[in-house]
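Participant: The structure under discussion is supplied below as structure tokens; questions concerning it will follow.
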Amino acid sequence: MTPAARVQAAIDIVDAVAQAARTNGAPADRVAGEWFRTRRFVGSKDRRAIRDLAWSAIRACGDIPATGRAAMLRLATTDDTLAALFDGTNYGPAAIGEDEDVASGGVAPGWLIERLAGSGLSTEEQVALLDRAPLDLRANRLKISREELAAALPVPAEFTSAPDGLRLAAGTAAESWPAFAEGLFEVQDTGSQLAGAALDVQPGEAVIDLCAGAGGKTLALAAAMDNRGILLACDTDRTRLQRLPARAERAGAMVETRLIDPNRELAALADWHDRADAVLIDAPCSGTGTWRRHPDARWRLSPAAIDRYAATQARLLEIGAQLVRPGGRLGYITCSLLDAEGTDRIAAFLSAHPGWRSDPISCPLGRAHGTGWRLTPLHDGTDGFFFATLRRL
């Protein structure tokens, strides 16, 4: 493809992503994947270039752009090389008109910027939420140390602050390597690794991952437990949970899975009441800490949606608390930097449950924030997270 044709392809993808955001449709990754699936003639190098252009245009727009072209023109206002590709050639974008609409810039819609500022994020920290993220790996200690993994990788890697963490350049196709197929590592952000490690699970414990999803943090828990003890991974999403057994087999991780019906979690986990040494709640959230990877997520939020997330998070804390034995721990993680989904939830829980206390967090990155701990892209070079560890007295 010519450079101009790549620009037009990226415009088409941004158009589709913006339309999906307006209608609460598929996220950008799936939209782009479907676009490429129907255009198999597009080679791998072209795919990467087109995706990079599309994601850069999405990052440049605070609100949903009227068109993909308006979003790309936002980029072109500060990039003469890109602007020159609007040349009207075959398969390329038409020349730029004198009075064409250009999408508005900014980090996020105005109401959301106010929420972030009210949650203690400076303007600089908000801007950094849209930086391009590096690629982090977690060495699977069930099979290999990170030192051994670093020596075996085909590209340079640096150690991160997570005990098993390695960092590679953004865009590295690590999941295509034989070492990934052999289960020697998982792709996992350093912040995610540190947040999961804060629960400090030990070999021989009985542990529940209450919102396991496809199992990224579950596999990290299995490695920390050295496959000794009981690890139960639960979720209400059948499609996501079904991916976990194959991932666990590849990693050599001993995990039991349990699909549970929404709003019937306690009944489905009756055999675990007052039994778990530790319960992890990686709660559904707005994802404000993950915009580096999912910049279109900020176009999908509303005040009502955040209220719904907060209600779900409060309910999950109530469920998790009934599964923990006296003296056990409850870990809460959210990849949101809004206090309504983080420290406010923990403060409300502790206020309503005098038989619980917040444990101190020991983490090599981040800062204390309210009743827990916060990681941000600007301060820590990770995705944004809030996490806390609670103990039943």
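The values are calculated or read from the model by the stated rules, or taken from the named source; none is laboratory data. Predicted model, so just to flag it, every value in this text is computed and none were measured. FYI the Cβ positions are ideal-geometry reconstructions off the backbone, even for glycines, and counts take in every protein chain you see.
Participant: For residues that are of a type in the set (D, E, K, R) and in a helix (DSSP H, G or I), scanning just the stretch 309-354, find the one that is farthest from V207 (Cα to Cα). Please lay out each step first, then the result.
Facilitator: So the first thing to find is which residues in the stretch 309-354 are of a type in the set (D, E, K, R), and the list is 315, 318, 325, 329, 339, 341, 344-345.
Next, only the ones that are in a helix (DSSP H, G or I) stay: 315, 318, 339, 341, 344-345.
Details: R315: 19, E318: 17, D339: 27, E341: 24, D344: 25, R345: 22 Å.
If we take residues in the stretch 309-354 being of a type in the set (D, E, K, R) and in a helix (DSSP H, G or I), then D339 is farthest from V207 (Cα to Cα).
Participant: How many of the residues making up the stretch 177-196 are without any contact (Cβ under 8 Å) to a residue 60 or more places away in the chain and out of contact with any Gly (no Cβ under 9 Å at 6 or more places or on another chain)? Give the steps one after another, and end with the answer.
Facilitator: So in the stretch 177-196, the residues without any contact (Cβ under 8 Å) to a residue 60 or more places away in the chain come out as 177-180, 184-185, 187-188, 193.
Those still in the list that are out of contact with any Gly (no Cβ under 9 Å at 6 or more places or on another chain) too: 177-180, 184-185.
Counting residues in the stretch 177-196 that are without any contact (Cβ under 8 Å) to a residue 60 or more places away in the chain and out of contact with any Gly (no Cβ under 9 Å at 6 or more places or on another chain) gives 6.
Participant: For S192, work out the one condition from (1) surrounded by 24 or more Cβ atoms within 10 Å (Cβ to Cβ); (2) not in a helix (DSSP H, G or I) it doesn't fulfil.
Facilitator: For S192, the exception is condition (2).
Participant: Still on this structure, please answer the following. Report yes if L116 is outside any loop (DSSP other than H, G, I, E, B) and within 24 Å of A4 (Cα to Cα), otherwise no. Lay out the reasoning, then the answer.
Facilitator: Details: outside any loop (DSSP other than H, G, I, E, B): yes; within 24 Å of A4 (Cα to Cα): no.
Against the criterion (outside any loop (DSSP other than H, G, I, E, B) and within 24 Å of A4 (Cα to Cα)), L116 does not qualify.
Participant: Quick one: in the stretch 63-121, of everything that is among the hydroxyl-bearing types (S, T, Y) and without any contact (Cβ under 8 Å) to a residue 40 or more places away in the chain, which residue is nearest to R374 (Cα to Cα)? Please lay out each step first, then the result.
Facilitator: Let us first name the residues in the stretch 63-121 that are among the hydroxyl-bearing types (S, T, Y), namely 67, 77-78, 81, 89, 91, 104, 119.
If we keep only those that are without any contact (Cβ under 8 Å) to a residue 40 or more places away in the chain too, we end up with 77-78, 81.
Numbers: T77: 35, T78: 33, T81: 39 Å.
The residue in question is T78.
Participant: Considering only the stretch 24-35, state which residues are touching a helix residue (DSSP H, G or I) at 6+ places or on another chain (Cβ under 6 Å) and either closer than 19 Å to M1 by Cα or outside the structural domain of T78 (by TED's automatic domain parsing) (or both). Lay out the reasoning, then the answer.
Facilitator: Of the stretch 24-35, the ones touching a helix residue (DSSP H, G or I) at 6+ places or on another chain (Cβ under 6 Å) are 26, 28, 31-32, 35.
A32, W35 - these are the residues of the stretch 24-35 that are touching a helix residue (DSSP H, G or I) at 6+ places or on another chain (Cβ under 6 Å) and either closer than 19 Å to M1 by Cα or outside the structural domain of T78 (by TED's automatic domain parsing) (or both).
Residue-wise test of (1) without any contact (Cβ under 8 Å) to a residue 40 or more places away in the chain; (2) closer than 30 Å to I13 by Cα; (3) among the polar types (S, T, N, Q).
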position	(1), (2), (3)
R292	no, yes, no
L301	no, yes, no
A304	yes, yes, no
Q322	no, no, yes
Y332	no, no, no
D339	no, no, no
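Participant: Separate question: Among P93, P65, which is under 19 Å from I13 (Cβ atoms), under 32 Å from the mean Cα position of the chain (by Cα) and buried (at least 16 other Cβ atoms within 10 Å of the Cβ)? Full working, then the answer.
Facilitator: Numbers: P93 fails: under 32 Å from the mean Cα position of the chain (by Cα).
Being under 19 Å from I13 (Cβ atoms), under 32 Å from the mean Cα position of the chain (by Cα) and buried (at least 16 other Cβ atoms within 10 Å of the Cβ) holds for just one of P93, P65, which is P65.
Participant: Name, by its number, the condition in (1) charged (D, E, K, R); (2) under 28 Å from the mean Cα position of the chain (by Cα); (3) in a loop (DSSP other than H, G, I, E, B) that does not hold for D99.
Facilitator: (2)
Participant: Another question, then. Keeping to the stretch 355-387, report how many residues are assigned to a loop (DSSP other than H, G, I, E, B) and over 28 Å from V107 (Cβ atoms). Before you say what the answer is, go through the steps one by one.
Facilitator: Our first condition is that a residue be assigned to a loop (DSSP other than H, G, I, E, B); within the stretch 355-387, this holds for 355, 359-366, 370-371, 376, 381-384.
If we keep only those that are over 28 Å from V107 (Cβ atoms) too, we end up with 355, 359-360, 362.
Counting residues in the stretch 355-387 that are assigned to a loop (DSSP other than H, G, I, E, B) and over 28 Å from V107 (Cβ atoms) gives 4.
Participant: Restricting to the stretch 309-349, name every residue that is in contact with a Ser or Thr (Cβ under 8 Å, 6 or more places away or on another chain) and surrounded by fewer than 17 Cβ atoms within 10 Å (Cβ to Cβ).
Facilitator: A347
Participant: Filter the stretch 298-308 for residues that are outside any loop (DSSP other than H, G, I, E, B) and buried (at least 19 other Cβ atoms within 10 Å of the Cβ); which is nearest to the chain's Cα centre (by Cα)? Let's see the steps before the verdict.
Facilitator: So in the stretch 298-308, the residues outside any loop (DSSP other than H, G, I, E, B) come out as 298-299, 303-308.
Remaining after also requiring buried (at least 19 other Cβ atoms within 10 Å of the Cβ): 298-299, 306.
Values: R298: 13, W299: 16, I306: 16 Å.
So the residue we want is R298.
Participant: Does the stretch 371-388 contain any residue that is without any contact (Cβ under 8 Å) to a residue 24 or more places away in the chain and surrounded by fewer than 24 Cβ atoms within 10 Å (Cβ to Cβ)?
Facilitator: Going residue by residue through the stretch 371-388, those that are without any contact (Cβ under 8 Å) to a residue 24 or more places away in the chain are none.
Taking every residue of the stretch 371-388 in turn, none turns out to be without any contact (Cβ under 8 Å) to a residue 24 or more places away in the chain and surrounded by fewer than 24 Cβ atoms within 10 Å (Cβ to Cβ).
Participant: Could we say that R47 is surrounded by 15 or more Cβ atoms within 10 Å (Cβ to Cβ), outside the structural domain of P303 (by TED's automatic domain parsing), charged (D, E, K, R) and in contact (Cβ under 8 Å) with a residue 60 or more places away in the chain here? Let's see the steps before the verdict.
Facilitator: On the way: surrounded by 15 or more Cβ atoms within 10 Å (Cβ to Cβ): yes; outside the structural domain of P303 (by TED's automatic domain parsing): yes; charged (D, E, K, R): yes; in contact (Cβ under 8 Å) with a residue 60 or more places away in the chain: no.
The answer is no for R47.
Participant: Could you list, in sequence order, all residues of the stretch 55-89 that are part of a helix (DSSP H, G or I) and of a type in the set (F, W, Y)?
Facilitator: Within the stretch 55-89, W55 is the sole residue that qualifies.
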